[in-house]
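Since every read-out is calculated from the coordinates, none of them should be taken as a lab result. Source: prediction; values computed, not measured.
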Amino acid sequence: MQITIDTPYVTVSELVRRSGQSDAAIRNEIELGHFLIRPKQPGSKSAVLVNMVHLAMEAAEQAERVRGAKPNLSTGNK
């Protein structure tokens with residue numbers, strides 16, 4: 001499997017656009033620690049940047065877990 005990531009970080013608004021989730025949903029996931037963000041200096045006014053590498057790794061791990069739990073029907077392997 002090969003995953004290509006066009007950029008290591010995206011803004012919350014870009015992730016909203018790409019994922020179809022609301023701004024509030026994305027920010028809630030960040031607060032819960034489900035989405036990693038680039039560390040910021042205290043008091044910084046810079047944009048919140050979501051780590052896309054982590055999201056891709058999480059998605060790949062989830063796919064492998066699901067695939068490992070089911071027979072591979074395309075090759076006939078069980």
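The calculated 222 nm mean residue ellipticity attributable to helices in the chain amounts to -14000 deg cm²/dmol, summing -39500 (n - 2.57) over DSSP H runs of n ≥ 4 and dividing by all residues.
On a 0 to 90 degree scale, rounded to 10, what angle separates helix 52-69 from the longest Cα axis of the chain? That works out to roughly 20 degrees.
Here the convex hull built on the C-alpha positions of the stretch 9-69 has a volume of 94 cubic angstrom per residue.
Available extension along the chain between ALA60 and ARG38 is 5.8 nm, counting 0.36 nm per residue and deducting the alpha carbon span.
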